[in-house]
Each structure stands twice: as structure tokens, then as C-alpha cells.
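*Asks:* Here you go, one structure.
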Amino acid sequence: MKPTTVSSRGSPQGGGRTLKLERIADVRADDARRYPTGIGELDRALGGGPVAGGVILLGGDPGIGKSTLMMQALAALAHRGHRALYLTGEESAAQVALRTRRIGGEAIESVQLLATNSLEDAEVAIMQVEPDVVVVDSIQTVRAEELSSPMGSVGQLREATSRLIDLAKRRHIAMFLIGHITKEGTIAGPKVLEHLVDTVLSFEGDRSHAFRLIRASKNRFGPAQEVGVFEMVREGLREVPDPSALFLAERPRNASGSVVSATAEGTRPLLVEVQALVAPAVYGSARRVASGFDQHRLAILLAVLERKCGLQIGDHDVFASLAGGMRVDERAVDLALAVAIASSFRNQPSPADLVIFGEVGLAGEVRSVPRASQRVLEAKKLGFSTIVMPLLSTEQLSDYERDGVRILPARTLEEAIDLALG
């Protein structure tokens, strides 16, 4: 079917323009082709790799490894025969070259490089090179000459982002925009930036730990909340194909306050170590400190433990942490966190082969969570033989998933603590 031609007949709104409309069925799907990088963890977070014409916003703490990851991605794409362009406004060309030498590989030498803060120069470079993939490092350092506002201002960010997105869409370029973040952890600039781009990636991790997580909070070309895991080494970032085993490698045995939980990041199940330390408060009012968890969620769980389970911890300091610098936002770790607190309070360790997951309600009930079967299979794969989980979730398991593992259903938080700690 041919495109339909519609004329505005000189109306004030249309200005006499003629538009060609197409049916969705006639639009070529290959215009949105993917460019897999070959870096499995990055491709996982992107849903298979960057898309031609797609714009990706990558944010993260200073020094977390954003530029290193992007240079490794460009090198991998260049190795696969794609034209790659790296635009930097934060470093000189010599600084970028010095940093990329440790990454190694012959493909990195074919990546085109331009150090500039000018948006106009960036546009000319893109049209001159005609790349398949572009990295702009960073979008806050790009400035349009026609605007008098300073670099990094709201007006400059909107103008630069809009023009670069328009160029990427018209020329079918996969574009990465590296963004700064604020002290609160959000991407600097107006929220409209995240609405304009197709994908928003967050590069997370504690710089005191080697592990790094890349998380997709928005993805128009794939599932959101997918996570890729990397380890920072001397040569750059290295993929971690089995993060569960790595996160649990240094887990102490027979230690109170240490519990293994099964979380799900996107479609990927992960086993993580939940740690808690409960000690009498000797310096005034009791403190509650959470690392890797929502501070408000910790306060809620402590109130439920005291009111519904009889644990008198109001005059105790409580410290809770996820080992390895992980951060988890889903409610499935509620039950493990509560059991870890009870374990530390009673000074009673949980069995070494135990995994716990489930959401805890305000009435002390244990509620079901999605992807229970995937969590169970991940626990079985790593040799765990006992699982405390919500009653409703156990009813969804097949015989294959139950085989070789002891399933302990829990209706309430008090019941789960008794099952886990005896």
C-alpha cells in the first residue's frame, strides 16, 4: 500500500505542507536494527545491544567507569566492522588516548576521536564521519554557540540533547550520551532529558568495591530493570557472567546476622548476602543505618518485628547492609532482612544451605513475589538445599523446581523466623 498524501490546504496550523502517512505494517523494521557489542552484560542491560537511531543516556558517579565502559563498547563495535566516533568535552585527545591504551586491542585504534565542547563541531564531525555509533562524553559539557547561557545550564542541555537526538534519528545512528549525576544520585539537568532519550542506564557501585552494576531504568527497545554486572580490574571492566557466586564468595559461615536472599533484577535472578548487626545503643538514641536498602523500608521492618514478633529492639542500634556494594529496591529481600536482624539480635546463625525471600506486610504477613521459580532454580544451581518462601509462591512451583530442594512455606514473619532459626 502506498503512503497516503494529506495536504493542509494552507491552513495556519499546517502552513501549506504536504505530509506522507504510512501504515505501521508498511514501515521497515530493519531501520531499527541492533548493533550487538559482544559485551554480554552491556547487551543484556540494553535488551540485545544499542539500536540504530536509538539514544541512550548513561549516568553514574564520578570515577565509576562510565568512560571506560563506553570506550570498551566502541572498541568492540569497531572490531565488528562498525564506524565509531568518540566526542569528548571533558578530556583532551591525549588524555583519552592515554586512558584507552590500558584497554588494549587493535580495534580501539580505528575509533575516531574529537575533543570539543562545541555542539556545532560535534554535528559537523558526525556528518563528516557518518558513524554507526557515537559516544558524547559528557552531554553537560556540550555548548550551543547561539545560546548565551553557560555550559551545563538547563537551556544548553535541552538544546544540545534535542539536536543530537534529531541527528541520531535522521541518520540512524546509535548514540550514547554520558551524563553527570547530582549528589542525590539523579542525572543532572531537567527531567525532560530522560523523557527525550530512548534508554536510561545507571552505572552503580561502591568505588571501594570492585563490582559495578549497569541498570536500565527505561528502555523503549527492550525490557526495563535489566542488570549487567562488571568487575573493575586494571585493564578496565570485566564481565561477571555468574554474579551470584561472586557475591557469595566471601560469605562467612555460622555467623549470626548473615542470610542469603534471592532477588530478581529484570529477568535475571541473583543471590545476595544480607547482613545485619544489632547492638545495644550506648550513645543516646538508637541508630538505624542501611546500605544497599531503602532506609524507610528498614524502619518499617523494625516496627513489624517489634510489634508482631515481640523482638524488643527499640533501644538497639541496627545496621543493615548488602555485601559487595549491591543495591536492591525490590520487596523480595524484606523477609531475608528481617530474619538477619532477628538472627543478630538472638545471636543465632541461620543454616549455611538456607535461602530466604518474600515480601513482608505491615500485619506481619509474608506475601508472594514474582519469578519465584527462577529464584528457586538459581538457589539450586549454587547448591542451596533449603528455601524459606511465601506460601502462595510455593504453590506455583513445578515438580522439577521442587526436586532436590526442601521448600519451607511461611505465612507470617514470625513463622519464617522460626523456620529459619529453629
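Bear in mind that the values in this text are calculations on the coordinates, not laboratory data. As the structure is a computational prediction, the values presented were derived from the model and not from experiment. Virtual Cβ from ideal backbone geometry, glycine too; neighbours counted across all protein chains shown.
*Asks:* With only alpha-carbon atoms counted, please give the Rg and Dmax of segment 29-240, in Å.
*Replies:* 15.7, 46
*Asks:* Please give the Cα centre distance for segment 307-342 versus segment 246-291, rounded to the nearest Å.
*Replies:* 7
*Asks:* Provide the FRET efficiency to the nearest 0.05 for the R17-E239 pair, computing r from the beta carbons and using R0 = 56 Å. Kindly include the intermediate steps, with their values, before the conclusion.
*Replies:* On the way: r = 49 Å, r/R0 = 0.88.
For R0 = 56 Å, the calculated efficiency reads 0.70.
*Asks:* On to the next question. With 16 Å as the cut-off, how large is the P(r) tail for segment 365-422, expressed as percent of Cα-Cα pairs?
*Replies:* On the way: 635 of 1653 pairs.
Roughly 38 percent, once rounded to a whole number.
*Asks:* Grab the eigenvalues of the alpha-carbon gyration tensor for segment 245-421, scale each by 5, take roots, and send me the semi-axes largest first in whole angstrom. Display every interim value, and only then the final one.
*Replies:* On the way: eigenvalues 129, 57, 41 Å².
Value: 25, 17, 14 Å, ordered largest first.
*Asks:* For segment 245-421, what is the charge dipole size about the Cα centre, in debye to the nearest 20, if Lys and Arg each add +1 at the Cβ and Asp and Glu each add -1 at the Cβ?
*Replies:* Working: 19 positive and 21 negative charges, 35 e Å.
Its charge dipole is roughly 160 debye.
*Asks:* Oh, and also: Give me the aspartates and glutamates in straight-line cross-link reach of K308: C-alpha distance below 16 Å, same-chain residues under 8 apart excluded.
*Replies:* Candidates past the 8-residue exclusion: D334, E359, E365, E414, E415, D418.
*Asks:* Please state, rounded to one decimal and in Å, the Kirkwood hydrodynamic radius that segment 306-411 gives when every pair of distinct Cα atoms enters the mean of 1/r. Please report the intermediate quantities before stating the final value.
*Replies:* Values: mean 1/r = 0.0675 Å⁻¹.
Radius from the Kirkwood sum: 14.8 Å.
*Asks:* What are the residues whose amide H is under 5 Å from the amide H of D132, where those residues sit 5 or more places off or on another chain and H is modelled from the backbone?
*Replies:* When sequence neighbours closer than 5 places are left aside, the close amide H contacts are R83, A84.
*Asks:* At 7 Å along the Cα-to-beta-carbon direction for both Q128 and Q95, put a label point, then send me their distance in nm to one decimal.
*Replies:* Output for this residue pair reads 2.2 nm.
*Asks:* Still on this structure: Given H placed on each backbone N at 1.01 Å, which residues far from A281 in sequence or on other chains put an amide H within less than 5 Å of it?
*Replies:* H316, D317
*Asks:* Need one word for segment 154-230: rounded, prolate or oblate. Basis is the Cα gyration tensor (sqrt eigenvalues a ≥ b ≥ c); a/c below 1.5 gives rounded, then a/b vs b/c decides.
*Replies:* Numbers: a/c = 2.27, a/b = 1.45, b/c = 1.57.
The shape class here is oblate.
*Asks:* Also, quick follow-up: Under a 5 Å amide H to amide H cut-off, with H placed in plane at 1.01 Å, what residues pair with L113 once short-range neighbours are removed?
*Replies:* Y86
*Asks:* While we're looking at this one, here's another question. Report, in debye and to the nearest 20, how large the dipole of the chain comes out about its Cα centre when Lys and Arg carry +1 and Asp and Glu carry -1 on their Cβ. Could you put the intermediate results ahead of the total?
*Replies:* Working: 49 positive and 52 negative charges, 132 e Å.
Using only the charged Cβ atoms, the result is roughly 640 debye.
*Asks:* Oh, and also: For the pair I407 and A352, how long in nm is the line joining their label points, each one 7 Å along Cα→Cβ?
*Replies:* The answer from the label model is 2.7 nm.
*Asks:* Here's something else I'd like to know. Would you mind checking the tilt of helix 372-381 against the longest principal axis of the Cα atoms of the chain, expressed as 0 to 90 degrees and rounded to 10?
*Replies:* 80
*Asks:* Could I ask something else about it? Calculate one ³J(HN,Hα) per residue across segment 333-350 by plugging θ = phi - 60° into the Karplus curve 6.51 cos²θ - 1.76 cosθ + 1.60, and present them in order as whole Hz with x for glycine and proline.
*Replies:* 8, 3, 5, 5, 5, 5, 5, 4, 5, 5, 4, 5, 4, 8, 6, 10, x, 8
*Asks:* In whole Hz and in residue order, list the ³J(HN,Hα) couplings for segment 353-363 that follow from phi through the Karplus curve 6.51 cos²θ - 1.76 cosθ + 1.60, θ = phi - 60°; x for Gly and Pro.
*Replies:* 9, 9, 10, 10, 8, x, 8, 10, x, 5, 8
*Asks:* Averaged across orientations, what area in nm² does the convex hull of the alpha carbons in the chain project? Could the numbers behind the result be given before it?
*Replies:* Details: hull surface 108.0 nm².
If I average the Cα hull's projected area over directions, I get 27.0 nm².
*Asks:* Going Cα to Cα from K218, which aspartates and glutamates come in below 13 Å? Please leave out same-chain ones fewer than 8 positions away.
*Replies:* Cross-link targets: E194, D198, E226.
*Asks:* Subtract the Cα-Cα distance of H172 and L147 from 0.36 nm times their separation in residues, and report this length gain in nm to one decimal. Don't skip to the end; give the middle numbers.
*Replies:* Values: separation 25, 0.36 × 25 = 9.00 nm, distance 2.70 nm.
Fully extending the segment from H172 to L147 adds 6.3 nm.
*Asks:* For segment 235-244, take each phi angle, set θ = phi - 60°, evaluate the Karplus expression 6.51 cos²θ - 1.76 cosθ + 1.60, and give the result in whole Hz per residue in order, putting x for glycine and proline.
*Replies:* Running phi through 6.51 cos²θ - 1.76 cosθ + 1.60 with θ = phi - 60° gives 7, x, 9, 10, 5, 10, x, 10, x, 4 Hz.
*Asks:* Starting from the Cα of K20, draw a straight line to each of the lysines and keep only those under 22 Å, dropping any in the same chain fewer than 8 residues away.
*Replies:* Those lysines meeting the cut-off are K2, K169.
*Asks:* Sorting check: for 115-123, 412-420, 254-262, which peptide has the highest mean count of neighbouring beta carbons within 10 Å, and how do the rest follow? Mind showing how you got there, number by number?
*Replies:* Working: 115-123: 17.6, 412-420: 20.9, 254-262: 22.4.
Final packing ranking: 254-262, 412-420, 115-123.
*Asks:* Where the centre of each part is set by its Cα atoms, how far does segment 23-86 sit from segment 198-216, in angstrom?
*Replies:* What the calculation gives is 16 Å, centre to centre.
*Asks:* Using only Cα atoms and rounding to the nearest 10 degrees, what angle (0 to 90) does helix 119-129 make with the longest principal axis of the chain?
*Replies:* Here the helix axis deviates by roughly 80 degrees.
*Asks:* Could you give me D for segment 168-213, from Stokes-Einstein at 4 °C and 1.567 mPa s, where the hydrodynamic radius is the Kirkwood radius over C-alpha pairs? Units µm² s⁻¹, please. Present the calculation step by step, with values, prior to reporting the outcome.
*Replies:* On the way: Rh = 12.7 Å.
Rounded, D is 102 µm²/s.
*Asks:* Starting with the highest mean, order 125-138, 176-189, 323-336 by the number of other Cβ atoms within 10 Å, averaged over the residues of each peptide.
*Replies:* On the way: 125-138: 20.0, 176-189: 18.1, 323-336: 22.1.
The peptides rank, most packed first, as 323-336, 125-138, 176-189.
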